[in-house]
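Colleague: Can you read through this structure? Questions will come right after.
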Amino acid sequence: MVLLEVEDLKVHFEIQDGWVKAVDGVSFSIDSGETMGLVGESGCGKTTAAYAITQLLPPNGRIKGGRIFFREPDRVAAFRKEYDWKLKDSAKGRRNEISRIKSKLDELNRSGRKSAPEADEMRDRLAALTYSFDLLALSTRKDGSLDDYNEDIRKIRWTQISMIFQGAMNAFNPVFRVGDQIIEAITLHEDVDENVARERAKELFEFVGIAPDRIDNYPHEFSGGMKQRAMIALALALNPSFVIADEPTTALDVITQDRILAEIKRLQEQLKMAMMIITHDVSVVAEVSDKIGVMYAGLIMEIGQTSQVFKNTAHPYTAGLLGSFPSVKGERRRLVSIPGFPPDLVSPPSGCPFHPRCQYAQSKCQEERPEGVAVEPGHISYCHFAEELWEKLRRTA
Amino acid sequence: MSDAASIIKVRNLKKFFELKKGFLSFGKDIVYVKAVDGVDFDMRSGEILGLVGESGCGKTTVGRLLTRLEDPTDGLVFFLGRDIALIEGQDLKVFRRNIQMVFQDPYESLNPRTTVTQTIMEPLLNHNIGESQEERMEMVVQALEDAGLAPAKEYLNRFPHELSGGQRQRVSIARALAVKPRVIVADEPVSMLDVSIRAGVLNLMLDLRDKYGIPYLFITHDIAVARYISDRLAVMYLGRVVEMAETDSVIFEPKHPYTQALLSAVPIPDPDAKHGRIDIKGEVPSAADIPYGCRFRPRCPKAFRECGWEAMDMVNWLEENGHLKEDAAIGRAVSAMHPDGLVLRFDLNEGTTPVEAVNTIRDLVDKGRKGHPLLDAVDSVDTLLTDRVIEIRSKPARISSENLASELFDLLESTVGYREPDHPMHGIIAGMSLDGNRLILSVGGGSSNLKLAQAFLEDYIRHHRRKNRPELKGAKRISPNESDMTVTVTCSDSREPSAKTAEDVSEYIENRIAADDLGDLAGLVLPVEKRRSRVRVRIMGPEENWSMLSDMLTRFLTGGGEDEDNIAERVSKISLKTVKGSQKNAVAVKFIRAEEPPLFDVGSGHQVACFLFREGDVHPDL
């Protein structure tokens, strides 16, 4: 069951030289209870995509298009009412779209093409429109900037969608006790008194493997791994259904990293929540994710189940990324590096953004941005030649 | 590989940093962060030695000590057979040229105001390399093309901000290469680079090694990267190398429990690979408070009796197992615990006699001995009279001129590699001999070498006298003799200060205890304490033990005949004292002494610092 669906999301940043197209048309979906890894090098837009979901863009960030559907049965009715009312007359309005899709489906039914691929797509869309609501529609202002203080979004943020921030070292306020910062998050969102929140914070500490009596410590009294655990406790404080972890183990030592990853896996299995893990390290993703999206220059290059992407690689960039990672245990082969360096996102290359560095690039790649090609069920490669390259790029398992 | 092929030899290298404390700690002992605490390794010509470890393990400090960006607290670094601490003046410049560094952050390590040409040209000018500007320019171009920045023309006039991260790191490498160094120390050179760029820089470094045969010390926290690039790997933990071998031996047959845990934690970029996780307890202890014995022991899943258990471990164990609760036998008897190194002292509640307490604790220890290595390591449990102490005062000692000459001879032999072809004194010092109170250096080559040898000896003796051999004051007269081409050091009688003789005394006592000369008492003597010129000895058990020990020590320390260490000359007074104001009756638990495990060879150059691999030891796990 789809929990979150991102559709053609575009987030640009205004700077002196023009617009940085940090995220330029990204689509993916996450089921409830599923972990998705978003991998890419620095500056590929993975963090921006995540911040758009939590609606925490910097002031110069603008939503230039797309929708983020979030499924929350308890509240969807209430939100939908308001949302429907807001977009009553707009062509983008939900009701209008539903009736449009319904009539198209009827048409297909009549012509006997009930099982056509576009019909499936429309039915999915219909389901999304019926059970989910668009997070962006709630808070996007006319100019594309996000209203951080939108009441509806504030109700969702942290209670439904929470985040483990990059660099736990600095994510806590150094002048407040760690426990108090968790208690604050609880009391702010729920109508409970401080003692109840304190007990909850203690339980959370125990849950993530920190002694509950450390709740009154200040952040500097924690080691790196403990801060990261406390950060996880903070993200779990309100029992969210979706957690975004932004580089959760970067800057941690191997042994600590391993423990935190094990912890994340355990929590995820126990709490059955959906997660998105953003990282530059493919080995971290291989350890914890069910599904992987590989991003490059603001676009998704390849997306699929973890083993599909790793074993049946269908995009030259993914192949290059995996090929440039040394392995501890595998055979010691010469690493293959990708020539060149990542593009400037103010004026990204035309067509496929990877074509200047791609050894298989042809003139078509320069002209057209590739559409997604489903090379196998649930495995999509955004490459013109995915079908042809698939066999060649496939790694011998 | 033969010893001569070692470009760098590191022996017992130590670097302690003083911990800055507030002014309220005035007068208290200085606390040191022991960043590097006894590191040994060799770097062979043409090889890449990977130095891996977690953050704070001291790997970067080792790199800085090798390049003399820091001076060691103790220990030696030999570069081409020469002790780098002694290099001065013009030689230092040559040394700096020969050992180059590549730093972690290419955004910080290049000057933003100089072009690529200027950046690489600067070291060439500094070291007077190249005859003309044209020649130097050619070298710059060559270095850039070697570093994969071809055609070099395109890059010559760029500023760092016009380069990508990978290109900047290549410029750093070109700068290091341009002066044709003998060794490169690379400190995390790829950790700031993106994955797709990193592979290119790693391949470049491998290719350059193959082309020029320059050895690297490659410092990194990333084990996958270290495995890819290194020929040999050294794994560091808390300031020491714990395991060292050919890369694949470390990766596929890790022997040290720490290496095993570390490797099991490395994530593998393959979703199907499931690794068996070996979890170790807790976190890395502070480098300011390093555990006794083996420094990995508190976290080690395989720790056994000999690994160095101490009082603090017993406190934790008692607490964890509920023995301190009010209704437990020990909890009832004990009012306070004072862990102090190897000795745990218990203060007793009123109504508990020391004998009862001793029996309770002995019972507990004896029952648990088989099950827990901590209890197995208990040496003795007995009463302790806390108000006594045997104090030995030491006095400055005379060193005869002959002894001084022979000490100097040993020092020179062990630290100056003049026999090796690369050593600057090679061919100048032809040989050394002793003649009574004179040390005679025969000098080879022309008479100008006499001056060199004399200057070298003067520097050498001054350096060591200041460092930790004050007695070398007596080796002052250094005279060259042109007729037979020798330089003679004539030693006169000298003195060791009392702080130094106290060390000899305490070492002597410890040796007597270890040699079992004290009979039954040996197990009861607490570790010897040394304070400046005083040595204090204490013993557990009843009153009479004190007088027996006092008598024995007096006999050993003043008695004549067999005393080859001249120990009697160093002792001024032995007294059994009563200290005021302490509690009279207590009970103590003393643990067996332990050493820090050195590197044991387990075959084909694979070295492991773990007592599991000490020859002759039988361990249940092996």
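What follows draws every value from the coordinates through simple rules; no lab data is involved. Remember, it's a predicted structure, so these values are computed and weren't measured experimentally. Don't worry about glycine lacking a Cβ; one is built from the backbone with ideal geometry, like all the others, and counts go over all protein chains shown.
Colleague: Might you report the magnitude of the Cβ-based charge dipole of region B:173-327 about its Cα centre, with Lys and Arg at +1 and Asp and Glu at -1, to the nearest 20 debye? The partial results should precede the final answer.
Modeller: On the way: 19 positive and 23 negative charges, 141 e Å.
About 680 debye.
Colleague: Compute the convex hull volume of the Cα atoms of chain A, divide it by the residue count, and report the result per residue in Å³ as a whole number.
Modeller: Taking the convex hull of the Cα positions in chain A, it is 164 Å³ per residue.
Colleague: Next question. What is the average number of partner chain Cβ atoms found within 10 Å of a Cβ in A:334-344?
Modeller: Mean shielding count: 5.
Colleague: In Å, what Kirkwood hydrodynamic radius results for region A:86-198 from the alpha-carbon pair distances?
Modeller: With all distinct Cα pairs of region A:86-198 included, I get 18.2 Å.
Colleague: Sticking with this one: Just the ratio, please: alpha-carbon radius of gyration of region B:3-262 over 2.2 N^0.38 Å, N its number of residues.
Modeller: It is 1.05.
Colleague: Just to confirm the filter: which chymotrypsin sites (Phe, Trp or Tyr not before Pro) across region B:309-370 are DSSP coil and have at most 13 other Cβ within 10 angstrom of their Cβ?
Modeller: Those that pass, being in a loop and sparsely packed, number zero.
Colleague: Taking the alpha carbon gyration tensor of region B:307-386, what are the square roots of 5 times its eigenvalues, largest first, to the nearest whole Å?
Modeller: The answer is 19, 14, 12 Å, longest axis first.
Colleague: Which far-off residues, 5 or more places away or on another chain, put their amide H under 5 Å from the one on residue B:399, with H placed in the peptide plane?
Modeller: It is B:494, B:495, B:496, by chain and number.
Colleague: Follow-up. For region B:235-300, which trypsin sites (Lys or Arg not before Pro) are both in a DSSP coil and crowded by at most 14 other Cβ atoms within 10 Å?
Modeller: Here the trypsin sites (Lys or Arg not before Pro) that fit, given the DSSP loop and packing criteria, are B:274, B:277, B:281.
Colleague: Roughly how many debye, to the nearest 20, is the charge dipole of region B:397-496 about its Cα centre, given +1 on each Lys and Arg Cβ, -1 on each Asp and Glu Cβ, and no other charges?
Modeller: So the dipole magnitude of region B:397-496 works out to roughly 480 debye.
Colleague: Any idea what the alpha-carbon Rg over 2.2 N^0.38 Å comes to for region A:174-239?
Modeller: Normalised by 2.2 N^0.38 Å, the Cα Rg of region A:174-239 equals 0.99.
Colleague: Once you average over the residues of A:249-255, how many Cβ atoms of partner chains fall within 10 Å of each Cβ?
Modeller: Taking the mean over all residues of the peptide, I get 6.
Colleague: Can you list residues from other chains, or at least 5 along the same chain, whose modelled amide H is less than 5 Å from the amide H of residue B:385?
Modeller: Under 5 Å from the amide H of residue B:385: B:541.
Colleague: Let me ask you something else. Karplus couplings for region B:294-302 from phi (6.51 cos²θ - 1.76 cosθ + 1.60, θ = phi - 60°), rounded to Hz, Gly and Pro as x?
Modeller: 6, 6, 8, 3, x, 10, 7, x, 10
Colleague: List nothing, just return the count: lysine pairs in region B:3-262, 8 or more apart or interchain, with Cα separation under 19 Å.
Modeller: 11
Colleague: If the cut-off is a Cα-Cα distance under 21 Å, which lysines reach residue A:227, setting aside same-chain residues fewer than 8 apart in sequence?
Modeller: A:202, A:265, B:281
Colleague: Please sort by residue number the trypsin sites (Lys or Arg not before Pro) in region A:309-397 whose DSSP state is loop and whose Cβ has at most 16 other Cβ atoms within 10 Å.
Modeller: Qualifying residues, ordered by number: A:329, A:332, A:333, A:334, A:394, A:395.
Colleague: Let me ask you something else. Separation between the residue B:566 and residue B:347 pseudo-spin-labels, each 7 Å from Cα along Cα→Cβ, expressed in nm?
Modeller: For residue B:566 paired with residue B:347, the spin-label model returns 4.7 nm.
Colleague: With 5 Å bins from zero, work out the P(r) of region B:132-261 over every alpha carbon pair and list the percent per bin.
Modeller: 2, 9, 18, 20, 17, 13, 8, 6, 4, 2, 1, 0
Colleague: Starting from the eigenvalues of the Cα gyration tensor, five times each then square-rooted, give me the equivalent ellipsoid semi-axes of region A:304-393, largest first, whole Å.
Modeller: Gyration-tensor ellipsoid for region A:304-393: 23, 18, 11 Å.
Colleague: Which far-off residues, 5 or more places away or on another chain, put their amide H under 5 Å from the one on residue A:383, with H placed in the peptide plane?
Modeller: A:373
Colleague: Next up: Shape call for chain B from the C-alpha gyration tensor, a ≥ b ≥ c root eigenvalues: rounded (a/c under 1.5), prolate (a/b greater than b/c) or oblate?
Modeller: Since a/c reaches 1.5 but b/c is at least a/b, the shape of chain B is classed as oblate.
Colleague: List the lysines whose Cα sits under 19 Å from the Cα of residue B:370, skipping any in the same chain fewer than 8 residues away.
Modeller: B:302, B:590
Colleague: May I pose another question? Given C-alpha coordinates of the protein assembly as shown, what is the ratio Rg to Rh with the Kirkwood estimate of Rh?
Modeller: Rg divided by Rh gives 1.04.
Colleague: Let me ask something additional. Can you give the average number of partner chain beta-carbon atoms within 10 Å of each beta-carbon in peptide A:41-48, as a whole number?
Modeller: Working: counts 6, 5, 1, 1, 0, 0, 0, 0.
The mean count of partner-chain Cβ atoms within 10 Å per residue comes to 2.
Colleague: Now a separate question. Where does each of A:336, B:241 land when they are ranked from fewest to most other beta-carbon atoms within 10 angstrom? Mind showing how you got there, number by number?
Modeller: Numbers: A:336 16, B:241 27.
Neighbour counts put them in this order, fewest first: A:336, B:241.
Colleague: What nm distance separates the two modelled labels at residue B:273 and residue B:593, each placed 7 Å from Cα along Cα→Cβ?
Modeller: Output for this residue pair reads 4.6 nm.
Colleague: Which listed residue (A:178, A:225, A:208) has the Cα farthest towards the positive end of the charge dipole for region A:174-239, taking +1 on Lys and Arg C-beta and -1 on Asp and Glu C-beta about the Cα centre?
Modeller: With unit charges placed on the Cβ atoms, the residue in question is A:225.
Colleague: Sticking with this structure for a sec: Reachable aspartates and glutamates from residue B:367, Cα under 16 Å, same-chain residues fewer than 8 places away excluded?
Modeller: B:376, B:379
Colleague: Can you give the Rg to Rh ratio for region B:495-570, taking only C-alpha atoms and Rh from Kirkwood? Intermediate results must be reported in sequence, preceding the final value.
Modeller: Working: Rg = 12.4 Å, Rh = 12.9 Å.
Result: Rg/Rh = 0.96.
Colleague: Spelling out what I want: for every residue of region B:340-356, take phi, set θ = phi - 60°, compute 6.51 cos²θ - 1.76 cosθ + 1.60 (Karplus), and round to whole Hz; glycine and proline get x.
Modeller: 3J(HN,Hα) across region B:340-356, in whole Hz: 8, x, 7, 10, 10, 9, 10, 8, 9, 5, 5, x, 10, 7, x, 5, 4.
Colleague: Now for a different question. Given region B:400-530, report the % of alpha carbon pairs whose separation exceeds 21 Å.
Modeller: 51
Colleague: Please give the charge dipole size of region A:189-288, origin at the Cα centre, charges +1 on K and R Cβ atoms and -1 on D and E Cβ atoms. Round to the nearest 20 debye.
Modeller: Computed about the Cα centre, the dipole is about 220 debye.
Colleague: Hey, another quick one. Give a residue-ordered list of calculated ³J(HN,Hα) values for region B:315-327 (Karplus: 6.51 cos²θ - 1.76 cosθ + 1.60, θ = phi - 60°; whole Hz; x for Gly, Pro).
Modeller: Couplings: 4, 4, 5, 4, 5, 4, 9, x, 6, 9, 5, 4, 8 Hz.
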